[in-house]
Every structure is written in structure tokens, then in C-alpha cells.
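Visitor: Here it is: the structure, laid out below.
Where a number appears in this text, it was derived from the coordinates with a stated rule and is not lab data. Remember, it's a predicted structure, so these values are computed and weren't measured experimentally. Neighbour counts are summed over all protein chains in view; Cβ atoms, including those assigned to glycine, are modelled from backbone coordinates with ideal geometry.
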Amino acid sequence: MVQPSATATANDPASCYWQLTQRQKEIWRMIATSHNTKDIAAALKISDKTVEFHRTGLKKALGVFDVAGLTRAAIKAGVIIA
């Protein structure tokens, strides 16, 4: 029997939302509203590498592969309004 992966709920970003940290939610919101890594890092007073670390974790948790996927997931989850 195959066990479901950690991204089994990737088709339902709203369910993933509640499993994210506050920082991940904040970064997800900023990515989905077209902020780049340097802008996010400056606004949150963190390093560019920390932003990239969270971006990678978000993509894995949500089962997406790019910024467009993060944005679509944010719209579906109600993180941003299109």
C-alpha cells in the first residue's frame, strides 16, 4: 500500500494554509502579490537566502513548481484576491 505524501493536499491549498507558519504565510502573500526576493527580504528584515528557503518550502508544501503556481494556490486559498 502506498502512503500519501506530505503534499497530498496540494490540490487544496486552503487545507495547507493552516499548516504553515506565520512567516511562511507572510512570504507567500508577498510572493503572490509580485514582490521579488530582495523586496521581501528588506521588508521583513531577513536575508535573501531565508526568503528563498521559505519559497522552496512553500512550493513543496503546496505541490507547485513556480511562482505562478504559488499565486494560483494563494488565490484558491483566499490568501489574496484576484
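Visitor: Could the peptides 45-57, 68-80 be put in order, highest first, of the mean number of other beta-carbon atoms found within 10 Å of their residues?
Guide: Averaged packing, sorted descending, gives the order 68-80, 45-57.
Visitor: Another question, if that's okay. Working only with C-alpha atoms, what are the Rg and Dmax values of segment 14-77, expressed in angstrom?
Guide: 10.6, 29
Visitor: What's the magnitude of the charge dipole for the chain around its Cα centre, counting Lys and Arg as +1 and Asp and Glu as -1 at the beta-carbon? Answer in Debye, nearest 20. Walk me through the numbers on the way to the answer.
Guide: Working: 11 positive and 6 negative charges, 20 e Å.
Here the size comes out at about 100 debye.
Visitor: Under a Cβ-Cβ cut-off of 13 Å, what is the net charge of the residues other than Ile80 that fall near it, where Lys and Arg count +1 and Asp and Glu count -1?
Guide: On the way: positive: Lys25, Arg29, Arg72, Lys76; negative: Glu26.
Net charge in that neighbourhood comes out at +3.
Visitor: For the chain, what does -39500 (n - 2.57) per DSSP helix run (n ≥ 4), summed and divided by total residues, give at 222 nm, in deg cm²/dmol to the nearest 500?
Guide: Estimated from H runs of four or more residues: -18000 deg cm²/dmol.
Visitor: Modelling each spin label as a point 7 Å along the Cα-to-Cβ direction, I'd like the Arg29/Ala14 distance in nm, to one decimal.
Guide: Going from the Arg29 label point to the Ala14 one covers 1.9 nm.
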